[in-house]
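What follows is a structure written as structure tokens; I'll ask about it next.
The values are calculated or read from the model by the stated rules, or taken from the named source; none is laboratory data. This is a predicted model, so every value here is computed, not measured. Heads up, the Cβs are rebuilt from the backbone with ideal geometry, glycines too, and the neighbour counts pull from every protein chain shown.
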Amino acid sequence: MDDSTRRVFTGNLLAFSLGAAPSETPRTRVLPRDGFEPAYLRLERSGRLAERARELYRVFAECRLCPRRCSVNRLKGEKGICQATSRVKVYSHHAHFGEERPLVGRHGSGTIFFSHCNLLCEYCQNWQINHRGDGFYESDERLARRMLDLQSAGCHNINLVTPTHCLPNIVQAVRIAAGRGLRLPLVYNCGGYEPLEIVRLLDGIVDIYMPDFKYTDGRMAALYSSGAQDYPEVASAAIEEMHRQVGELAVDEQGIALRGLIIRHLVLPHDIAGTGKFVKWVAEKLSRNTYVNIMAQYRPEHRARKYPELSRRTTSEEWNQAIAWARQAGLTRLDRL
């Protein structure tokens, strides 16, 4: 099988695994694994990764790492809405097999769950970690060792879960780990509520962006995510910049993700998330070939039962309608976790 035939064959396999019909086979970029190098290694060799780490650490003194712009001095232990200081706090790290298939492969996605969050949703599925802040403080050095542990375990990537508020620690840890042999793609697994200027600082560091797009209506974001009324505008701008940096999802010869954008969208009861508007935005502003995960696993967690409209699971009819809207918008690379 020559290289061109192998690329077509791999793309067809992915199309069927993602539920696309043969007539709507998505275009899939296939990159040779042997020639792949994580973006951060090039920045480290040039000295620019060290510059980015220093610049991000300076932000801690008047924190604006997220759109809340609390402006507290986290270097002095002051806390804003996320309740984090300048010390990184980690809940767990392990090979995760419940992520999107291009991330999981055979050996799992190397996830690191960071404690605290900048969105604080009322229905948070991980409220013990994000709201209560369960986890353990550790040094950037220790965080680097965790990354190397995941690589030694055979994981396909380093999956940074809820990283927004601890970016300075993460970038410094990547520098340390890269000097000791880290060669895995970095996955930036976030809630989508990211300031544009900070996302721009990640250009050349992150290989795979995996943001949520939670709401298309700011009133819903304000009500259910601690007053984040500007969420739709902020997430739109941030994700467009992510797409500019890394493009559509690219995989290796085995279908394992190496670079690109994955967007997650959780279907909420009563179309609170605005799914129809979301899929149209993806098709018009990004690409119909964007890898989108339409998620059906909502359940009423944390304080969700305070709200009658959120006090039940999503129905099969609601999820099927979400998929129909995605198809009508022309999206073809749909995951269905």
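Go over the candidates A257, A296, A250 one by one and state the one that is more than 17 Å from the chain's Cα centre (by Cα) and not basic (K, R).
Being more than 17 Å from the chain's Cα centre (by Cα) and not basic (K, R) holds for just one of A257, A296, A250, which is A296.
Answer yes if at least one residue in region 6-28 is among the β-branched types (V, I, T) and at pLDDT 95 or above, and no otherwise.
Among the residues of region 6-28, not one is among the β-branched types (V, I, T) and at pLDDT 95 or above, which makes the answer no.
Checking I112 against (1) part of a helix (DSSP H, G or I); (2) in contact with a His (Cβ under 6 Å, 6 or more places away or on another chain): exactly one of these is not met. Which one?
The single condition I112 does not satisfy is (1).
Assess whether S316 counts as being of a type in the set (S, T, Y) and over 21 Å from R101 (Cβ atoms).
Against the criterion (of a type in the set (S, T, Y) and over 21 Å from R101 (Cβ atoms)), S316 qualifies.
If I go through region 207-216 residue by residue, how many of them are surrounded by fewer than 24 Cβ atoms within 10 Å (Cβ to Cβ) and either at pLDDT below 95 or assigned to a loop (DSSP other than H, G, I, E, B) (or both)?
Of the residues in region 207-216, 1 are surrounded by fewer than 24 Cβ atoms within 10 Å (Cβ to Cβ) and either at pLDDT below 95 or assigned to a loop (DSSP other than H, G, I, E, B) (or both).
If I filter region 217-235 for residues that are touching a residue at least 40 places away in the same chain (Cβ under 8 Å), surrounded by fewer than 17 Cβ atoms within 10 Å (Cβ to Cβ) and within 25 Å of T111 (Cα to Cα), do I get at least one hit?
No, there is no match, as no residue in region 217-235 is touching a residue at least 40 places away in the same chain (Cβ under 8 Å), surrounded by fewer than 17 Cβ atoms within 10 Å (Cβ to Cβ) and within 25 Å of T111 (Cα to Cα).
Then there's this: How many residues does region 31-56 hold that are out of contact with any Leu (no Cβ under 8 Å at 6 or more places or on another chain) and either closer than 13 Å to P168 by Cβ or without any contact (Cβ under 8 Å) to a residue 24 or more places away in the chain (or both)?
9
Residues checked against (1) out of contact with any strand residue (DSSP E or B) (no Cβ under 9 Å at 6 or more places or on another chain); (2) farther than 25 Å from A257 by Cα:
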residue	(1), (2)
K280	yes, no
L286	no, no
N293	no, no
P300	yes, yes
A304	yes, yes
S316	yes, yes
W319	no, yes
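Same structure, new question: Applying the selection to region 236-255, what residues are within 23 Å of V161 (Cβ to Cβ), out of contact with any strand residue (DSSP E or B) (no Cβ under 6 Å at 6 or more places or on another chain) and either surrounded by fewer than 21 Cβ atoms within 10 Å (Cβ to Cβ) or acidic (D, E) (or both)?
Selection gives S236, A237, E240, E241, Q245, G255.
Report every pair of residues separated by at least 6 positions or lying on different chains whose Cβ atoms are under 8 Å apart, first residue within region 273-296 and in a helix (DSSP H, G or I), second among the acidic types (D, E) and at pLDDT below 95.
none
Kindly indicate whether G110 is farther than 30 Å from N73 by Cβ, in contact with a helix residue (DSSP H, G or I) (Cβ under 9 Å, 6 or more places away or on another chain) and at pLDDT below 95.
No; evaluated as a whole, the condition is false for this residue.
Which of the residues belonging to region 91-107 are in contact with a helix residue (DSSP H, G or I) (Cβ under 7 Å, 6 or more places away or on another chain) and either β-branched (V, I, T) or in a loop (DSSP other than H, G, I, E, B) (or both)?
F97
Residues R327, R312: which one is more than 21 Å from the chain's Cα centre (by Cα), of a type in the set (K, R) and part of a helix (DSSP H, G or I)?
R327
Hey, among R142, R132, which residue is without any contact (Cβ under 8 Å) to a residue 12 or more places away in the chain and either in a loop (DSSP other than H, G, I, E, B) or aliphatic (A, V, I, L, M) (or both)?
R132
Hey, among the residues in region 261-276 that are touching a Ser or Thr at 6+ places or on another chain (Cβ under 9 Å) and not β-branched (V, I, T), which one's nearest to F36 (Cα to Cα)?
Looking at residues that are touching a Ser or Thr at 6+ places or on another chain (Cβ under 9 Å) and not β-branched (V, I, T), I get L261.
A further question on this structure: Given the residues V72, V30, V88, which is the only one that is more than 20 Å from the chain's Cα centre (by Cα), over 30 Å from T332 (Cα atoms) and buried (at least 17 other Cβ atoms within 10 Å of the Cβ)?
Residue meeting the stated conditions: V72.
Among the residues that make up region 241-248, is at least one of them more than 24 Å from Y188 (Cα to Cα) and free of Cβ contacts under 8 Å to residues at least 24 places away in the same chain?
no
Only one of A324, A304 is small (G, A, S) and exposed (fewer than 15 other Cβ atoms within 10 Å of the Cβ). Can you tell me which?
The conditions single out A324.
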